[in-house]
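Peer 1: Got a structure for you, questions after.
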Amino acid sequence: MFRTVLEKIHPAVFLKAAQAELSSVTESQKRLGEICALPVEEALAHFGVTESGLTEEQVEEARETYGRNDLGAKKRVGLFIELLDRCRNPLVIQLLVICVASLLMDDAPSAIVVGAMVVLSVVLGYVQEHRSSRAVERLKAMVSANCLIIRGGKETELHISEVVPGDIVVLQAGSLIPADLRLISAKDFFVSQSSLTGESMPVEKHPGPADVEGRGVIELHNACFQGSNVLSGTARGLVVNTGRMTQFGSISEKLSDQRVQTSFDRGIAGFTWLMIRFMVVMISVVFLIVGLRNHQWGEALLFSLTVAVGLTPEMLPMIVTVNLSKGAIAMSRKKVIVKRLSAIQNFGAIDILCTDKTGTLTQDRVILEKHVDVTNRVSEDVLRYAYMNSYYQTGLHNLLDRSILSYTGFDVERGCNKVDEIPFDFQRKRMSVVVDYEGDHVLICKGAVEDIYNVCTHYQVDDEIHVIIDLIKNDLLEEYEALSRDGYRVLAIAYREYPRDKQVFSVADECELILLGYIAFLDPPKGSAAKAIALLKQVGVSTKILTGDNALVTRKICHDVGLVNEEVIVGDQLLSLNEGQLGEMVEKYNVFARLSPSQKESIIIALQKRGHVVGYMGDGINDAPSMRVADVGISVDTAVDVAKESADVILLENSLVVLEEGIIEGRKVFGNIIKYIRMGASSNFGNMFSVVGGSFFLPFLPMLPIQFLVNNLLYDASQIGIPSDKVDEEYLLTPRKWDIANIRRFMVYVGPLSSIFDYGTFFLMLYIFNCHFFKQDNDQYEQLFHTGWFVESILTQTLIVHIIRTRKVPFFGSMASPWLLFTTLAVMAVGAYLPYSPFAGYLKFRPLPLAFWYWIAAFLFTYSLITHYVKTWFFKKYGID
């Protein structure tokens, strides 16, 4: 939900507005400040609630008063208002202007046809998008974030939107803060407020009453804000403000219209402006030629406006929307949920996938295999201390903790009490608990071996404790390295005893520890990982491993899944590199270990600066920043809430095979959109090229405005089947990106080919069917000329859809989808039938002689051959993008 709002707003714009908003005071902020100044009991009494939570009656009353806790919800509007809003599209506005101009010039038939085009574009787009959006919303609901709420004395997991003021929310590491709240209890509770303040450092919060005098609410130590996320510790909070009354909501409401264009949006905008530039030139030339030739400037204006319609890609909004929504639904069948439709194009354009190895290359099924001292002998003390550390920690229990707790059961409650805790963070890569055990306060530290080793001054073998000296350092780490080379994930266990009068502990107390031993876990590689990496490579996506694990384990796992002979770069090697050196290193190497979250971000940014489209796949708290900075953030439905909210795409199955299938679907969607753009651009440009020439040397208009509009309406209708079309396998093997220059070249090279046959038709009608004898029967021959070019134009430009849609030989090498075949053939049949239909007189058509059809058959065959040849040459020279 929070990501839905953030993705519409540029981070810098949002942060600037957020900081400005934080300096002001609103009624909801005053209310939060007042509640934070109260003791816990009085704060609860203010809402008439106890620590057992709200009753069902209180929940219903609060929901009636405050509504749903939803930032992104739009106010429902009526059908008429929504259709009117769609008319704000620049392409639709242009058609409406032409429609009004036609009415003012007493050309009702043209106004009717243009109006029909508007209705076709707006109504069809509305119907398709309305159906698709409902389907996509159902998909998004499958992976939406939940939170833990206490109601009626029971903990209940509910969707974030169900939270109401007065609720008691249970928070732990990885949780999103669902609303603005006042803490009522907390233990070693650290949150990230970077989405509001821009400050990346975590902030510690505790529940005591706050001094609000002269302070902004953001500075209060017992207030947490919607959009923040929990890094470590546990807490319970009393919800004070929800929805748009929150700090986050008040800012996002003011900025909700400040959208930032994605690369997909920029591509669509680039094509639209390309067509507008051509349109301005063409209609200006046509207006001057027709006006100067017969001095009928009104007729010239009307015809030039008709030409503008011919260059307008009216169906573009509908084609784009339907393609994206169909793609999202198709991807969901392959267990890929798209949260943001415009991310589909980026998904298909990924050429580098960055991912952690845990759960992606490995089975994410961790088994505790060994608990040994520093001499590799089984040690019950190591297992007991590791168990107490995992049992008493209040942060998020990861797979390693669950594996330890399920391995055995110690009665730690007897003769042992928890004193304090130093929560885990991704800089220290360790966490500690302090317990009252056997007459001392024992600090038990568990974490990454190198980081534990840095704070140890002694080691223990049996009951003897020895000082760590340089001579034996390598010996102490030898067993750890041997286990890592065998693919084990290894954690170190260390401890230190303190006197019982010391009650408060901090990171500074993690010093002069005694290294006790190691616990080793086996997280075997997935059987499908090697196949998945090979599949990704086949479709042009290289895989880079970015992990916080050590180099030895990483090398072993990568070797097992087929990433052989890969040099492993560790985080320390990146510290001294400048921007250029970092870019070269991340380009050259594929496996990076011992990385901090900020280093993962730096690698992604360096790859992007070198022109790559980067996807990042993760499921942990530390993965959220990397997912936000990547072109496409990818997570799984079992990830922590903050990771799912940061992602653009959610996998319902934690597998690279599923990811490869989703990437292919993304390319299919983009491929069909590009088909429409290529077809429309080249066809319309060719027609306009013919109009300019015909207007120059013909003594009458090459086609009447009403005929031109009907021609364009029919051609638009033939394109409706494109979203259902197939995409060639070869197109799917390479990442695809927007290339407006390539589209412009294609339009210039292929478009004028149709003009050759248009001019051939002009010659055919003038000199074979005697349409140059104007004085004998001007109306008859002029109408025959118009009819001939109308039929040739609609048949050639519709047939050519099948030539342009594929690199292969059309019909034989690649067949269109049944729906596209139907729409194109139906339009060709209607175009051929119109001169003989009851509408012929109204449209000023005349029946065509039989000989005309032989000529047209020859034209169609020749045009198809030439266009296929030029298309093949073009794609070989300039590429298919």
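The values are calculated or read from the model by the stated rules, or taken from the named source; none is laboratory data. Keep in mind that what you see is a predicted model, and the values were worked out from it rather than measured. Glycine also receives a Cβ, built like all others from the backbone with ideal geometry; neighbour counts cover every protein chain displayed. When the accessible area is computed, the model is the full protein with side chains, heavy atoms only, and any ligands, DNA or RNA have been set aside. Shrake-Rupley method; radii C 1.70, N 1.55, O 1.52, S 1.80 Å.
Peer 1: Report, by residue number, each residue of segment 410-440 that is surrounded by fewer than 21 Cβ atoms within 10 Å (Cβ to Cβ) and in a strand (DSSP E or B). So that I can check it myself, show each step before the final result.
Peer 2: Restricting attention to segment 410-440, the residues satisfying the condition of being surrounded by fewer than 21 Cβ atoms within 10 Å (Cβ to Cβ) are 410-420, 425-429, 436-440.
Those that are surrounded by fewer than 21 Cβ atoms within 10 Å (Cβ to Cβ) and in a strand (DSSP E or B): Cys416, Asn417, Lys418, Val419, Asp420, Asp425, Asp436, Tyr437, Asp440.
Peer 1: Here is a further query. Answer yes if at least one residue in segment 773-788 is of a type in the set (Val, Ile, Thr) and crowded, with 21+ Cβ neighbours inside 10 Å, and no otherwise.
Peer 2: Within segment 773-788 (the criterion being of a type in the set (Val, Ile, Thr) and crowded, with 21+ Cβ neighbours inside 10 Å), the answer is yes, since at least one residue qualifies.
Peer 1: Further question on the same structure: Being part of a helix (DSSP H, G or I), closer than 20 Å to Gly447 by Cα and open to solvent by 10 Å² or more (accessible area, probe 1.4 Å), is that true of even one residue in segment 520-542? Full working, then the answer.
Peer 2: Here is the first cut: in segment 520-542, the ones part of a helix (DSSP H, G or I) are 529-538.
Keeping just the survivors that are closer than 20 Å to Gly447 by Cα gives none.
Among the residues of segment 520-542, not one is part of a helix (DSSP H, G or I), closer than 20 Å to Gly447 by Cα and open to solvent by 10 Å² or more (accessible area, probe 1.4 Å), which makes the answer no.
Peer 1: Then there's this: So, in segment 842-863, exactly how many residues are surrounded by fewer than 18 Cβ atoms within 10 Å (Cβ to Cβ) and in a helix (DSSP H, G or I)? Break it down into steps so the answer makes sense when it comes.
Peer 2: Filtering segment 842-863 down to residues surrounded by fewer than 18 Cβ atoms within 10 Å (Cβ to Cβ) leaves 842, 844, 847, 849-851, 853-854, 857-858, 860-862.
Next, only the ones that are in a helix (DSSP H, G or I) stay: 842, 850-851, 853-854, 857-858, 860-862.
So the answer is 10.
Peer 1: Out of the residues in segment 262-307 that are of a type in the set (Val, Ile, Thr) and open to solvent by less than 20 Å² (accessible area, probe 1.4 Å), which is modelled with the highest pLDDT? Walk me through how you get there before you give the answer.
Peer 2: So in segment 262-307, the residues of a type in the set (Val, Ile, Thr) come out as 262, 268, 272, 276, 280-281, 283, 285-286, 289-290, 306-307.
Filter once more, keeping what is open to solvent by less than 20 Å² (accessible area, probe 1.4 Å): 286, 290, 306-307.
Values: Val286: 75, Val290: 72, Thr306: 68, Val307: 70.
This residue is Val286.
Peer 1: Further question on the same structure: Would a scan of segment 380-398 turn up a residue that is in contact with a strand residue (DSSP E or B) (Cβ under 6 Å, 6 or more places away or on another chain), open to solvent by less than 30 Å² (accessible area, probe 1.4 Å) and not in a helix (DSSP H, G or I)?
Peer 2: Yes, segment 380-398 contains at least one residue that is in contact with a strand residue (DSSP E or B) (Cβ under 6 Å, 6 or more places away or on another chain), open to solvent by less than 30 Å² (accessible area, probe 1.4 Å) and not in a helix (DSSP H, G or I).
Peer 1: I would also like to ask the following. Within segment 698-711, identify whether any single residue is open to solvent by 30 Å² or more (accessible area, probe 1.4 Å) and part of a helix (DSSP H, G or I), and answer yes or no. Steps first, answer last, please.
Peer 2: Applying the first criterion (open to solvent by 30 Å² or more (accessible area, probe 1.4 Å)) to segment 698-711 yields 699, 704.
The next check asks that each one be part of a helix (DSSP H, G or I); those that pass are none.
For segment 698-711, residues open to solvent by 30 Å² or more (accessible area, probe 1.4 Å) and part of a helix (DSSP H, G or I): absent.
Peer 1: Further question: Would you mind finding the one in Ile650, Ile634, Ile569 that is crowded, with 16+ Cβ neighbours inside 10 Å, in contact with an Asp or Glu (Cβ under 8 Å, 6 or more places away or on another chain) and under 15 Å from Lys544 (Cβ atoms)?
Peer 2: Numbers: Ile650 fails: under 15 Å from Lys544 (Cβ atoms); Ile569 fails: in contact with an Asp or Glu (Cβ under 8 Å, 6 or more places away or on another chain).
Ile634 is the lone residue from the list that is crowded, with 16+ Cβ neighbours inside 10 Å, in contact with an Asp or Glu (Cβ under 8 Å, 6 or more places away or on another chain) and under 15 Å from Lys544 (Cβ atoms).
Peer 1: Quick one: how many residues across segment 552-566 are open to solvent by less than 20 Å² (accessible area, probe 1.4 Å) and either part of a helix (DSSP H, G or I) or closer than 9 Å to Ala593 by Cα (or both)?
Peer 2: 4
Peer 1: Open to solvent by less than 30 Å² (accessible area, probe 1.4 Å), free of Cβ contacts under 8 Å to residues at least 24 places away in the same chain and under 14 Å from the mean Cα position of the chain (by Cα), is that true of Met617?
Peer 2: Values: open to solvent by less than 30 Å² (accessible area, probe 1.4 Å): yes; free of Cβ contacts under 8 Å to residues at least 24 places away in the same chain: no; under 14 Å from the mean Cα position of the chain (by Cα): yes.
When the stated conditions are applied, Met617 does not pass them.
Peer 1: Please specify each residue of segment 172-190 satisfying the condition of being more than 14 Å from Met245 (Cα to Cα) and more than 27 Å from the chain's Cα centre (by Cα). Before the answer, list the steps.
Peer 2: Step one: list which residues in segment 172-190 are more than 14 Å from Met245 (Cα to Cα), which gives 172-177, 182-190.
Arg182, Leu183, Ile184, Ser185, Ala186, Lys187, Asp188, Phe189, Phe190, listed by residue number.
Peer 1: Just give me the residues in segment 721-739 being within 22 Å of the chain's Cα centre (by Cα) and part of a helix (DSSP H, G or I), in sequence order.
Peer 2: Within segment 721-739, Pro723, Tyr731, Leu732, Leu733 qualify.
Peer 1: Among Val801, Val748, Val791, which is in contact (Cβ under 8 Å) with a residue 12 or more places away in the chain, open to solvent by 10 Å² or more (accessible area, probe 1.4 Å) and not small (Gly, Ala, Ser)?
Peer 2: Working: Val801 fails: open to solvent by 10 Å² or more (accessible area, probe 1.4 Å); Val791 fails: open to solvent by 10 Å² or more (accessible area, probe 1.4 Å).
The unique qualifying residue is Val748.
Peer 1: List, please: which pairs have Cβ atoms under 8 Å, are six or more places apart or on different chains, and start with a residue in segment 677-705 that is within 21 Å of Gln719 (Cα to Cα) and in contact (Cβ under 8 Å) with a residue 40 or more places away in the chain and end with one that is of a type in the set (Phe, Trp, Tyr) and open to solvent by 10 Å² or more (accessible area, probe 1.4 Å)?
Peer 2: Once the first residue is within 21 Å of Gln719 (Cα to Cα) and in contact (Cβ under 8 Å) with a residue 40 or more places away in the chain and sits in segment 677-705, its partners that are of a type in the set (Phe, Trp, Tyr) and open to solvent by 10 Å² or more (accessible area, probe 1.4 Å) give Phe685/Phe278; Met688/Phe278.
Peer 1: Next question. Tell me, which helices (runs of 4 or more DSSP H) lie completely within segment 587-651 with 2 or more residues that are modelled with pLDDT of 80 or more?
Peer 2: 597-609, 624-629
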